[in-house]
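Presented below is the structure to which this report refers.
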Amino acid sequence: MDTFIMDQTARLMILFLAVFILFVLIIVFIRIIRLRQKLARTNKEKEILNAKCLEMESMYNETLTSLGELNIRYDELNKHKESMKKLAYTDYLTELPNRTAFTEMLDSIMLTLRSDEIIGIMDIDIDNFKNINDTLGHSYGDELLIDVTHRLKQAINENDYLARIGGDEFVILTQNLDDTASYEVKIKKVRNVFNFPFVLSTKEYFVTVSIGVGFAPKDGKTAQQIIKNMDSAMYMAKANGKNTYAYFEPALNQMITDKMELQSELRKAIDNKEFILHYQAKVDINSKKISGFEALIRWNHPSKGLLYPNDFIYLAEESGLIVPIGKWVLKNACNQLNKWSQLGYTDITMGVNLSARQFKDKDLIQTVYEIINETGIDAKRLELEITESAALEDIDYTIETIKEIQKFGVSFSLDDFGTGYSSMSYLKRLPVNNLKIDKSFLDTIMEDTSDQKIVQAIISLAENLNLNVIAEGVERFEQEKFLQEANCNEAQGFLYSKPVPKDEAQDFLKNTGTI
Ligand code: C2E
Ligand code: CA
Ligand code: CA
């Protein structure tokens, strides 16, 4: 029995052990399966991770490439920016700094200027540059600007700053001047470079400049103010007859404002019938009879009274108003000539002044033709007066124009002779009929023997060239006597008559009697 129980117990224990081992095995098995599943999952994740890694690596490489491109672009952009800046600060034609560069430079100098420091500035403007452009074309104008740049460079020191701040306008800036007077030497140097002609289109041209001079800080505290004042000084140099220089003075700005006002009034003067003509007699030096008149314009200004040509002709020239004003003069002078001719004074001539600008006007020939026809004058009695300097600006054009107008019967006088730089060879080529010796020779003729010789030489030269000679500005009998002995043909001056209104001129005609 005991053995049976023992067997049973042993069996039970074995069973229990077997069940336990089975259980353990099952658990181990499950864990292995789980582990394997986990491993499989981890492998998959690892693969995904690897793929992601690769993806990121390629993204990283791509970013690097883009970054490289971006750097190149950035460099290009910088270069572009630099060249744009250069372009904005450089004058394309002469490669000099331009107005912006000059202004910024001057501004920065002014910010750090010591109280004992002096800066000298020249504003250099080419006279009548427009003529070069108009007659020769813009490419020759450009050539001239480049030539002028080269010459100006020769006149300056390495520390001077040269810029082109406008079409035909240059500036030279000099720092650390000892005093303002020492600047005069530099101004002379700059002017001297224009003593020689410029060769354009195989021809020689003399070019002059007007220079405005100023000093900082005396003439301005900011670049803007200095540039404005320099411009005023330059404007003054132009108004003083060009080919000269002027220093800035505070009163200049007021003068310029006045001038602007006068110019705008000048615009309305023809319509307002404010112009009148005065007539100055020309006298045959031997018979003392009136040979003709010269028409001289005056402006009956509403508030300033009677103004003389010197007060406004240059303004009319500058603005181009001289063309309509000159037309008005020609028409009225011809009308007057016609009236006197109808009164029986058929032998007298009428001199009419043509300014340089008028002479170059493309409609001049047509205008003269129309006025002769409209007024019905005998064209042989009309004498157009041009100055030497106007005639020589473009001698071929002058010769051609004079010849065309002479075809109508009109004659020409070379006015203010002796004041320009005419050479004898030029004079020989000009088809003028009369020479008017400038008043300046007559002024000193009785005191200055060299003036006597000049006048004698001009008269014999004119005789040889078959020209009629008229002496201007005769005020005294001794002058008249000298001219008579020198074989001068006609005289004009206060000795005979001042320029007078038409009625007085007519009385003078009546009294002197030419009929
Ligand atoms: P211009 O053609 O040389 O005219 C002669 C100038 O000398 C005139 O001055 C006249 O009054 C002055 N004069 C004549 N005889 C004497 C004299 O004996 N003594 C003195 N001290 N002066 C004398 P005005 O009328 O003031 O004219 C000045 C200039 O203005 C003229 O010089 C001429 O170049 C210009 N002008 C006058 N009228 C006209 C015009 O209608 N058109 C143009 N374009 N210019 C004109
Ligand atoms: Ca004249
Ligand atoms: Ca004259």
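Only a single criterion out of (1) free of Cβ contacts under 8 Å to residues at least 12 places away in the same chain; (2) open to solvent by 50 Å² or more (accessible area, probe 1.4 Å) is not satisfied by Asn176, namely (1).
Identification of helices (runs of 4 or more DSSP H) wholly contained in segment 55-173 with 2 or more residues that are modelled with pLDDT of 95 or more and open to solvent by less than 100 Å² (accessible area, probe 1.4 Å) yields 99-111, 138-155.
Residues that are free of Cβ contacts under 8 Å to residues at least 40 places away in the same chain and open to solvent by 50 Å² or more (accessible area, probe 1.4 Å) were ranked within segment 217-234; the one that is farthest from Ala316 (Cα to Cα) is Gln225. Does segment 296-311 contain any residue that is surrounded by 13 or more Cβ atoms within 10 Å (Cβ to Cβ) and away from ligand 1 (no atom under 13 Å from the Cβ)? Taking every residue of segment 296-311 in turn, at least one turns out to be surrounded by 13 or more Cβ atoms within 10 Å (Cβ to Cβ) and away from ligand 1 (no atom under 13 Å from the Cβ). Can you tell me which residue in segment 348-374 is most open to solvent (accessible area, probe 1.4 Å), limited to those that are more than 16 Å from ligand 3 (Cβ to nearest atom) and in contact with a strand residue (DSSP E or B) (Cβ under 8 Å, 6 or more places away or on another chain)? Among those that are more than 16 Å from ligand 3 (Cβ to nearest atom) and in contact with a strand residue (DSSP E or B) (Cβ under 8 Å, 6 or more places away or on another chain), it is Ile372. Yes or no: segment 257-274 includes at least one residue that is more than 16 Å from ligand 2 (Cβ to nearest atom), part of a strand (DSSP E or B) and either under 23 Å from Gln479 (Cα atoms) or in contact with a Lys or Arg (Cβ under 9 Å, 6 or more places away or on another chain) (or both). No; the residues of segment 257-274 include none that is more than 16 Å from ligand 2 (Cβ to nearest atom), part of a strand (DSSP E or B) and either under 23 Å from Gln479 (Cα atoms) or in contact with a Lys or Arg (Cβ under 9 Å, 6 or more places away or on another chain) (or both). Glu249 passes every criterion in (1) assigned to a helix (DSSP H, G or I); (2) free of Cβ contacts under 8 Å to residues at least 24 places away in the same chain; (3) away from ligand 2 (no atom under 16 Å from the Cβ) apart from (1). When the residues of segment 269-321 are filtered to those that are touching a strand residue (DSSP E or B) at 6+ places or on another chain (Cβ under 9 Å) and basic (Lys, Arg), the one that is nearest to Cys488 (Cα to Cα) is Lys282.
Taking residues in segment 378-404 that are in contact (Cβ under 8 Å) with a residue 60 or more places away in the chain, and partners anywhere that are more than 16 Å from ligand 2 (Cβ to nearest atom), the pairs with Cβ atoms closer than 6 Å and at least 6 places apart or on different chains are Asp394/Thr135. Comparison of Ile395, Ile399 shows that the only residue that is within 32 Å of the chain's Cα centre (by Cα), open to solvent by less than 70 Å² (accessible area, probe 1.4 Å), away from ligand 1 (no atom under 16 Å from the Cβ) and modelled with pLDDT of 95 or more is Ile399.
Against the conditions (1) more than 12 Å from ligand 1 (Cβ to nearest atom); (2) within 33 Å of the chain's Cα centre (by Cα); (3) in contact (Cβ under 8 Å) with a residue 12 or more places away in the chain, Val352 satisfies every one except (1).
Among the residues of this structure, Asp125 counts as one that is touching a residue at least 24 places away in the same chain (Cβ under 8 Å), within 20 Å of Ile227 (Cα to Cα) and touching a strand residue (DSSP E or B) at 6+ places or on another chain (Cβ under 9 Å). Please work out which residue is nearest to Ile399 (Cα to Cα), limiting yourself to segment 435-470 and to residues that are within 16 Å of ligand 2 (Cβ to nearest atom) and open to solvent by less than 10 Å² (accessible area, probe 1.4 Å). Taking the candidates together, the pick is Leu435.
Which one is surrounded by the fewest Cβ atoms within 10 Å (Cβ to Cβ) among residues in segment 402-421 that are of a type in the set (S, T, N, Q) and within 16 Å of ligand 2 (Cβ to nearest atom)? Filtering first and then ranking leaves Thr419.
Cβ-Cβ distances below 6 Å connect the following pairs, each with a first residue in segment 312-327 that is in a helix (DSSP H, G or I), a second residue that is among the hydroxyl-bearing types (Ser, Thr, Tyr), and a separation of six or more residues or different chains: Glu317/Ser355; Ile322/Ser355; Lys327/Thr367. Hey, could you check segment 471-501 for residues that are of a type in the set (D, E, K, R), more than 22 Å from Ile297 (Cα to Cα) and open to solvent by 50 Å² or more (accessible area, probe 1.4 Å) and say which is farthest from ligand 1 (Cβ to nearest atom)? Among them, the one singled out is Glu485.
Output the residues belonging to segment 369-392 that are within 14 Å of ligand 1 (Cβ to nearest atom) and at pLDDT 95 or above. The answer is Ile371, Leu382, Glu383, Leu384, Glu385, Ile386.
The values are calculated or read from the model by the stated rules, or taken from the named source; none is laboratory data. What you are looking at is a predicted structure, and each value in this text was computed from that prediction instead of being measured. Counting neighbours? That spans all protein chains shown, and the Cβs are built from the backbone with ideal geometry, glycine included. Quick note on the areas: whole protein, heavy atoms, side chains included, nothing else; ligands and nucleic acids left out. Shrake-Rupley method; radii C 1.70, N 1.55, O 1.52, S 1.80 Å.
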